[in-house]
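Each remark here refers to the structure printed beneath this line.
Read-outs: derived from the displayed coordinates by stated rules, not from any lab. These numbers come from a predicted model, not from an experiment. Please note: Cβ atoms are built from the backbone with ideal geometry, for glycine as well, and neighbour counts cover all protein chains shown.
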Amino acid sequence: MVSVDVNGLWLIGGNNVNFTRELGRRLVPIRLDAGIARPEDRPADTFKHRMPRDYLKMRQDLVFACHILIQHWIDKGRPSSSANLASFEDWAEVMGGILEAVGIEGFLGKLSSFSETNAESDDTARDLVKRMYEEFQHQEFKLDEFMSKTTNGGDQFEFNIGDRAKDSTGRQRAVQKFISQNCLGSPFDITSAYSTPITVQLSAVKTASGYVYSVKLKE
């Protein structure tokens, strides 16, 4: 075990991204909504502020402005924020305190709605892996085998994944992507057919003909 100082900040950008609950609780979400379908087509005169082309040269001024905010917080006695982020309590107290000291409210205010969105993905992932375990136990299987057992009436898939796909191939690709992002390698607590709580984990092996999956009990 090694303890090191974290002096950097990881930033991730994407469209309607989702994370597992384990990762989601370590994130501070920032949602950007332009209010239109094609934000890249907005005319320049609709922006309240226009970023100068040489904004990189302004780094010194921007850092200085941040120092002013921090010094203001120090002058006020370093008040702690009431906002909290589990496992990052000190960071939340300081960052929230700096913002609240200058009247900026709402720090970490979107965490609950963000967590609820990710919880839905977690629930779907758990139900999906549970269904795989019920169908195949510890046997290996391919995705098309699983989908044939969980698709009723030709197109009606039991899980709300890939609903916008144009055909069964697109649906299968969406399900495979969901499994890769939300299911593989994560332990899930489920109830067996005998109402016994168990923990299972989905794994995949890539072969020449595609991925082969298996769900096994996790000790």
Length gained when the stretch Leu11-Arg26 is fully extended (0.36 nm per residue, less Cα-Cα span)
4.2 nm
Are any of the pairs Lys149/Lys218; Lys110/Lys166; Lys48/Lys110; Lys57/Lys177; Lys142/Lys166 more than 30 Å apart by Cα-Cα distance, and if so, which?
Lys110/Lys166; Lys57/Lys177
Using only the alpha carbons of segment 122-217, what is the convex hull's orientation-averaged projected area in square nanometres?
6.2 nm²
P(r) for segment 37-147: what percent of alpha-carbon pairs falls in each 5 Å bin, starting at zero?
2, 9, 10, 10, 10, 11, 12, 10, 7, 6, 6, 6, 1, 0
Kirkwood Rh over Cα pairs of the chain into Stokes-Einstein at 25 °C, 0.890 mPa s: D in µm²/s?
113 µm²/s
Fully extended contour minus Cα-Cα distance, from His67 to Glu145, at 0.36 nm per residue:
22.2 nm
Ordering of 206-215, 62-71, 46-55 by burial proxy (mean other Cβ atoms within 10 Å per residue, highest first)
206-215, 62-71, 46-55
How far is helix 111-136 tilted off the main Cα axis of the chain, in degrees rounded to 10, range 0 to 90?
20 degrees
Which value in deg cm²/dmol, rounded to the nearest 500, describes the helix-derived mean residue ellipticity at 222 nm for the chain, given -39,500 (n - 2.57) per DSSP H run of n ≥ 4 and division by the residue count?
-12000 deg cm²/dmol
On a full-extension model of 0.36 nm per residue, what is the gain between Asp41 and Val212, subtracting their alpha-carbon distance, rounded to one decimal in nm?
57.2 nm
Rounded to 10°, Cα long-axis angle of helix 168-182 versus longest principal axis of the chain:
60 degrees
Output the 0 to 90 degree angle, nearest 10, between the alpha-carbon long axis of helix 59-75 and the longest principal axis computed from the alpha carbons of the chain.
80 degrees
Three semi-axes of the equivalent ellipsoid, segment 1-101, Cα gyration tensor, whole Å, largest first:
29, 23, 15
